[in-house]
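The values are calculated or read from the model by the stated rules, or taken from the named source; none is laboratory data. This structure is a prediction, so every number in the text was calculated from the model and none was measured. Neighbour counts run over all protein chains shown; Cβ positions are idealised from the backbone, glycine included. Accessible surface areas use protein heavy atoms only, side chains included; no ligands, DNA or RNA. Shrake-Rupley method; radii C 1.70, N 1.55, O 1.52, S 1.80 Å.
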Amino acid sequence: MTTTAANVPDKPSLDGIEARWAAQWDADGTYRFESPVPRDQVFSIDTPPPTVSGSLHMGHVFSYTHTDTIARYRRMSGKAVFYPMGWDDNGLPTERRVQNYYGVRCDPSQPYQPGFEPPFRGDPPKKHQAIPISRPNFLELCDELVELDEQVFEDLFKRLGLSVDWNHHYATIDERSRRAGQRAFLRNVARGEAYSQEAPTLWDIDFRTAVAQAEMEDRERPAAYHKIPFERTDTGDDGPGAIEIDTTRPELLPACVALVAHPDDERYQPYFGSTVRTPLFGVEVPVVAHELAQPDKGTGIAMICTFGDTTDVTWWRELNLPMRSIIGRDGRLLPDPPGGVDPRAYAPLAGLTVKQAQRAIVEQLDEAGLLIGEPRPIEHPVKFYERGERPLEIVTSRQWYIRNGGRDPELRAALIERGTEVTWHPAHMQHRYENWVEGLNGDWLVSRQRFFGVPIPVWYPLDDQGEPRYDDLLLPDESDLPIDPSTDVPAGYTEEQRGRPGGFTGDPDIFDTWATSSLTPMIAGGWEDDPELFASVFPMDMRPQAHDIIRTWLFATMTRSHHEFGRVPWTHAALSGWILDPDRKKMSKSKGNVVTPMDLFDQYGTDAVRYWAGSARPGVDTAFSEDQMKVGRKLANKLLNVSKFVLQFGEPTDGAELAAGVTHPVDASMLAKLDAVVTEATSAFEAFDYARALERTEAFFWWFCDDYVELVKGRTYDAARPDAANSAKHALRAALSSLQRLFAPTLPFAAEEAWSWWHDVSIHASPWPTVTGLGGDVTLVDPAIEALRLVRRAKTEAKVSQRAEVATVTVHAPAELHPALDAACADLVDAGSIRELTVVEGGSLSTDVLLAEPSAP
RNA sequence: GGGCGAUUAGCUCAGCUGGAAGAGCGCCACGUUCACACCGUGGAGGUCGGGAGAUCGAGACUCCCAUCGCCCACCA
């Protein structure tokens, strides 16, 4: 590191330093990463690509700050840090934002309009009816808006001071991501890890797309038990002898394929193997036994429908029941009844929504006297798509899946094993991973019936009837990727053959957004595109992310890396917590208490906001606290001021090295304390515990300012004792240098500002501090500080200025403390404005303080 | 129902391998000291959620309980 003559401003200030230094770092390429670098000299980060269509909130600031502190530490400790940035811009959130922003909706049947101008750019009126536009027009608007959003994010992140190398960025919809996504998928297909299947699938009727297990959530919803009798076919008895079932979904009566009870349930043993007739619709269905039936729920015997819930799917599959689908992809009852269902009873239901159908059927049951008692209201959990507003239905459709262990115990065990190869921060987060993997009940559904995403790179040949032959895939060559099967043509075919019997058709679907983002370490690392880069950074060192997406992003990434490379994608997973309201509720927009990060940066300064984030333990949910930002502001300010103070003394005049220059035991003692702090902060950072590193540094720092500097500053001014003064200057400057660097990861702007007063090279390109190793006695300085405190207290109690003169101080101390007190005697006399100080033998440290008579005004 | 985490001063939280209860904020009082009023000095304030156990010794270790939060689970 080069040292220049100190160039300290008269009035140090935090104002405006963010813009100044961000521009300087940009210009200097301070955070640039250039491959190749030997892998062991690199620290690589699989940065989370934020969903750019979402809003910027304190959660981003919080977790990205944590990662940045670690990146900065690693950089200073000598690693080449690969810290890229990605934008997650494909998928449903973008589509929805485009719809809301421009007042349009995608309708693939519309023709493309060149030069289309959307009716609005931002905030169309509520009443506005969305204009249907073609898929290409819709995708153009997606691209346009995504670019705007990404700029806003980049501005925020630069202001936050993220030490990202902005030359390394990607978007999950860009060409590189599409190529990587399609390539990885084709390889999954080739190895049998991906397959398509026609099967019952959870379906969002508003978004009209299939939904994966990981994207579901339960919500408590009101419902009602309806008790309905099923007539027994052997006795023809629909009276008291009928089997009564309780159902919350009477509208699924026409979809009923069986009744089920637990095999051990005494009440229903006699009926297993017999059949009953569905009320109203007159379908004969069997009474079957299965362990999943719960004797204590409802009447203990349930109606199996195709499909009311995922248990129905299990029963249907395991008991080989027939299919009677009645719900279409739009959530309305299909126009025609399934086989065996009385068409006259069904006709009035056709085309109704699920809700309407329920009302209609309950009415019919009631009129027919087939509703036993009143419906009994309950609250129960219902599955929703996490972004959806109406309950999920289950419809049968052809979908693509990637094996993730959900149907394969060996793969599941292998993925759990992979979890043990990752170091988790905090460690208990590994439980969530294992918990999730163990609870999987199916493979990963990766196809989505949406528009803005990576197309599934597959075509299907059409048979003579024009029906796709799904088992006979037409696949592109890897070198042609990325492709869009809706516009590109498979080898050996011509565009004219699209959709014609004997021709081909493209898969109309796109990948789930997690299918692309599960490849972020590969995309960012230049997998196959830039082998030199890839070899330098993969597998990555660190995956930072929020704990709520362990089941999605983390697990999916693990799965893809396991399939493709047979190894973990990174060696450390650092999970950050949530931001909570000051009242401990998860921060939410609806409560109107979301603060914008930019306002806080303006109000407190970026370093202050980073301080708040950096004070939170890894993985711990943390209350939003402006008080903490105020503390951070004070700390940053103090760092500037103490830097100015120390530097104003100038360099030692003896020209000695530190080891030879620190001749005073009090100074050596302070540096020994600092050594302990450096050691602790370093090991904390090595363990990804930025908060502990900050806390230790901060605690020492305030002690340094309030006690050590106060104790020795008189000596430092003392021209009569140049050796003693030089020792203090050596120690002060060495400590300042280390402190600035210890703070640099958390307070990058203030640290850089103060550092720049006496260095040419950026602090962020300077080495992490090491111990001085002078071997001072850590405890030596403490008795003197304690004595100083006692003197201060005496002055405070006497309500006089700390500057007030003291006539005599008698320090009582045990003999073993005398050498320490003697060593600091002159400093104490200075710091306490003491005329006469004596140290005498005593039990525990105490002082007799005699204040001097106040001089006449 | 299963799993995980938390419970320490009015508030937000440290207290990592067991060895005399800590910090900041807030509050009170005092002080404009030649780096800092975005300041300094001092003070008050806690039977560490409850109970039991092992230990010379527990805020920390073991077990049980309570409360709060999160994740997961099969919607009759």
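Note on A:T314: accessible area approximately 40 square angstrom, rounded to 10, probe 1.4 Å, nucleic acids and ligands left out.
Just to make sure I understand: if all protein chains stay in place, what is the order of A:M558, A:M323 by accessible area at 1.4 Å, largest first?
Order by accessible area, largest first: A:M323, A:M558.
Counting only protein chain heavy atoms and rolling a 1.4 Å probe, the accessible areas of A:W436, A:W578 rank, largest first, as A:W578, A:W436.
When only Cα pairs under 8 Å and 6 or more residues apart are kept, what is the percent relative contact order across chain A?
15 percent
On alpha-carbon atoms, Rg over Rh for the stretch A:85-157 using Kirkwood Rh?
Across the stretch A:85-157, the Cα-based Rg/Rh ratio is 0.99.
Of the residues A:P783, A:V761, A:V811, the one whose Cα sits farthest towards the positive end of the charge dipole of the stretch A:721-816 is A:V811 (charges of +1 on Lys and Arg Cβ, -1 on Asp and Glu Cβ, taken about the Cα centre).
Per residue, the stretch A:279-345 exposes 48 Å² of accessible surface when a 1.4 Å probe is rolled over the protein heavy atoms with every protein chain present. With the convex hull drawn around the C-alpha atoms of the stretch A:190-279, the volume per residue stands at 203 Å³. For the stretch A:695-760, with equal point scatterers placed on the C-alpha atoms only and solvent neglected, what are the log10 I(q)/I(0) values from the Debye formula at q = 0.13, 0.28 1/Å, to two decimals? Those come out to -0.41, -1.16, one per q.
Near A:D264: Cβ cut-off under 13 Å, other residues only, Lys/Arg at +1 and Asp/Glu at -1. The net charge is -3. Compactness of the stretch A:1-140 is given as radius of gyration and Dmax, 22.9, 72 Å, from Cα positions. Between A:Y470, A:Q129, A:I17, the Cα set farthest toward the positive side of the dipole of chain A (charges on each charged residue's Cβ, about the Cα centre) is that of A:I17.
Starting with the highest mean, order A:127-138, A:444-455, A:477-488 by the number of other Cβ atoms within 10 Å, averaged over the residues of each peptide. Working shown, then result.
Details: A:127-138: 16.2, A:444-455: 24.2, A:477-488: 14.7.
Sorting A:127-138, A:444-455, A:477-488 by mean packing, highest first, produces A:444-455, A:127-138, A:477-488.
The mean of 1/r over all distinct Cα pairs in the stretch A:387-529, once inverted, gives the Kirkwood hydrodynamic radius of 18.1 Å. For the stretch A:277-412, the share of alpha carbon pairs falling in successive 10 Å distance bins from zero is 9, 32, 40, 14, 4, 0 percent. Taking only the alpha-carbon positions of the stretch A:748-854 and ignoring solvent, what does the Debye formula give for the base-10 log of I(q)/I(0) at q = 0.16, 0.23 Å⁻¹? For the requested q values the scattering log ratios are -0.74, -1.12.
Each DSSP beta bridge with both residues in chain A is either parallel or antiparallel, and the antiparallel ones are about 65%.
Which whole-percent values make up P(r) of chain A when all C-alpha to C-alpha distances are grouped in 10 Å steps starting at zero? So the P(r) values, bin by bin, are 2, 10, 17, 18, 16, 12, 9, 7, 5, 3, 1, 0. For the stretch A:782-821, the average shadow cast by the Cα convex hull is 3.0 nm², which is a quarter of the hull's surface.
With a 1.4 Å probe and all protein chains left in place, how much of the accessible area of chain A comes from carbon and sulfur atoms, in whole percent? Let's see the in-between values first.
Values: 17760 of 36090 Å².
C and S atoms contribute 49 percent here.
All C-alpha pair distances within the stretch A:462-502, sorted into 10 Å bins from zero, spread as 26, 57, 17, 1 percent across the bins. Summing -39500 (n - 2.57) over the DSSP H runs of n ≥ 4 in chain A and dividing by its residue number, what mean residue ellipticity at 222 nm do you reach, to the nearest 500 deg cm²/dmol? Calculated mean residue ellipticity at 222 nm is -11500 deg cm²/dmol. Projected onto planes of every orientation and averaged, the convex hull of the alpha-carbon atoms in the stretch A:639-720 covers 6.1 nm². What is the sum of charges around A:R696, taking Lys and Arg as +1, Asp and Glu as -1, for the other residues whose C-beta is under 13 Å from the C-beta of A:R696? Value of the local net charge: -3. Here A:R191 sits with roughly 100 square angstrom of accessible surface, probe radius 1.4 Å. Using the Cβ of A:P118 as centre and a radius below 10 Å, the other residues enclosed give a net charge of -2, where K and R count +1 and D and E count -1. Its Kirkwood hydrodynamic radius, worked out from the mean inverse distance over all distinct Cα pairs, puts the stretch A:598-682 at 15.9 Å. Over the stretch A:292-338, Cα pairs under 8 Å with separation of 6+ residues give a relative contact order of 22 percent.
Going by accessible area, probe 1.4 Å, with all protein chains left in place, what is the ranking of A:K79, A:K729, largest first?
Values: A:K79 70, A:K729 30 Å².
The ranking, largest first, comes out as A:K79, A:K729.
Volume of the convex hull of the stretch A:298-349 (Cα atoms only), normalised per residue: 116 Å³.
Compute the whole-percent fraction of alpha carbon pairs in the stretch A:332-384 spaced more than 16 Å apart.
54 percent
Accessible area per residue was computed with a 1.4 Å probe on protein heavy atoms; A:F701 scores about 0 Å².
Across q = 0.17 Å⁻¹, the stretch A:660-772 modelled as identical point scatterers on its alpha-carbon atoms has Debye log10 I(q)/I(0) values of -0.83, in the order of the q list. For the listed residue pairs A:K673/A:K729; A:K11/A:K638; A:K630/A:K795; A:K644/A:K729, the alpha carbons are over 22 angstrom apart in A:K630/A:K795.
Multiplying the residue separation of A:R344 and A:R387 by 0.36 nm and subtracting their alpha-carbon distance yields 11.7 nm. Loop-located trypsin sites (Lys or Arg not before Pro) in the stretch A:391-439 (DSSP state other than H, G, I, E, B) with a sparse environment of at most 16 neighbouring Cβ atoms within 10 Å: A:R407. Judged by the mean number of other Cβ atoms found within 10 Å, the most tightly packed of the peptides A:532-544, A:458-470 leads the ranking A:532-544, A:458-470. Among the GluC sites (Glu not before Pro) within the stretch A:647-750, those in coil by DSSP and having at most 16 neighbouring Cβ atoms inside 10 Å are A:E657.
Expressed to the nearest 5 percent, the antiparallel share of DSSP beta bridges inside the stretch A:804-857 is 45 percent. For the stretch A:11-128, averaging the sequence separation of C-alpha pairs within contact (under 8 Å, six or more residues apart) and dividing by the residue count gives a relative contact order of 26 percent. Note: the stretch A:144-242, Cα convex hull, 257 Å³ per residue.
Scaled against 2.2 N^0.38 Å for its residue count N, the alpha carbon radius of gyration of the stretch A:507-649 is 1.42. Peptides A:717-723, A:520-526, A:37-43 ranked from most to least packed give A:520-526, A:37-43, A:717-723, packing being the mean of other C-beta atoms within 10 angstrom over each peptide's residues.
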